[in-house]
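S.K.: My questions all concern the structure below.
Derivation of every value follows stated rules applied to the coordinates shown; laboratory data play no part. Computed from a predicted model, the values in this text were never measured in an experiment. As a convention, Cβ positions derive from the backbone with ideal geometry for all residues, glycine included, and neighbour counts pool all protein chains shown.
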C-alpha cells in the first residue's frame, strides 16, 4: 500500500484498537503460505479459505479446529497445537523481510499516537506481534498490546476487546476497532464498539 491518508472514525471516539496481521501489516499472504507448507508436511492440502475464515483466531485454536475437520485424513491422530505452531511461526518469521505496512492504517495509528489511547489486539502470539510491529516501525506507538499469549478468550469473543478498553480506561462504546477478519468484526460488534473493516476500505 502506498496511500498514507488516514482512515476515518467517529468524531466521539476516545480510543483506537487495531488488529495486527492484515490490518497494520500486510502479513496474511505470508501466514497463508506458512500454514499451507506446515499442513502439507502432514499430507493436507489446505485451502486458503480455511485460513481466511479464521483470520484473527489464535494459531493453536486453528490447529485444534483442523484436527476436527481433517480427523479422517489424519487417521485418528491429532496434530500437537503447540509443536505445530512453533513450526508454522518459524516459517512465517523467515519471510518477515518481505512484509510491508498497510500504510493508511499505520498512518491512522501514527496520527492518533499521543492524542488518544491506542492498542493492538491480535490473535497472534506475542513474539510474532512484537517482531511484526518492530519491522513496520510501529512498536513504540501503542500503550497496550494484547495477544494470544494473554489469558483472555480470543476473537470472536468480545472479551479481548473489552479487556483492551479496560486497560486503556476508556468505555467500550467510545472505542473504534480496525479489523480485517470476520471473527474480529463479530467481536467488535459484541463489545459494543464501532468498527472499520479495512478490507472494504482498502479495496475501494
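S.K.: Using a simple spin-label model with points 7 Å from Cα along the Cα→Cβ vector, what separation in nm is obtained for residue 134 and residue 40?
M.R.: It works out to 2.9 nm between the two label points.
S.K.: Which entry in [x] 54, 42, 29; [y] 54, 32, 30; [z] 93, 41, 24 matches Cα extents along the principal axes in Å derived from the coordinates of this structure?
M.R.: The value matching this structure is [y].
S.K.: Can you grab the distance from the C-alpha centre of the stretch 24-45 to the C-alpha centre of the stretch 186-204, Å, no decimals?
M.R.: That distance is 24 Å.
S.K.: Could you give the angle, 0 to 90 degrees to the nearest 10, between helix 81-93's Cα long axis and the longest principal axis of the Cα atoms of the chain?
M.R.: Helix 81-93 sits roughly 60 degrees off the main axis of the chain.
S.K.: Right, something else. Give the residues of the stretch 98-134 whose amide nitrogen is closer than 18 Å to a point set 7 Å from the Cα of residue 5 in the direction of its Cβ.
M.R.: 102-112
S.K.: Another question about this same structure. Ranked highest first by average number of other Cβ atoms within 10 Å, how do 81-88, 175-182 line up?
M.R.: Order by mean packing, descending: 175-182, 81-88.
S.K.: Go through 48-54, 158-164 and give me the packing order, highest mean Cβ count within 10 Å leading.
M.R.: Result, highest mean Cβ count within 10 Å first: 158-164, 48-54.
S.K.: Let me test this: with uniform point scatterers at the alpha carbons of the stretch 1-102, what is the Debye-based log₁₀ I(q)/I(0) at q = 0.20 1/Å?
M.R.: Normalising to I(0) and taking log10 leaves -1.03.
S.K.: Ok, one more. Can you give the FRET efficiency to the nearest 0.05 for residue 166 and residue 67, using r as the Cβ-Cβ distance and R₀ = 25 Å?
M.R.: Efficiency, from the Cβ-Cβ distance: 0.15.
S.K.: Name the residues of the stretch 96-119 whose amide N is less than 14 Å from a point 7 angstrom out from the Cα of residue 14 along the C-beta direction?
M.R.: Within reach of a label on residue 14: 116-118.
S.K.: Also, I was wondering about something else. What is the list of residues in the stretch 118-158 whose amide nitrogen lies under 18 Å from a point 7 angstrom out from the Cα of residue 60, following Cα to Cβ?
M.R.: Counting backbone N atoms under 18 Å from the label point, the list is 122-130, 146-157.
S.K.: State the antiparallel share, in %, of DSSP beta bridges confined to the chain, rounding to the nearest 5. Could you put the intermediate results ahead of the total?
M.R.: Working: 1 of 16 bridges.
The antiparallel fraction comes to roughly 5 percent.
S.K.: Sticking with the crude label model, points 7 Å out along Cα→Cβ, report the distance from residue 86 to residue 127 in nm, one decimal please.
M.R.: The modelled label-to-label distance comes out at 0.9 nm.
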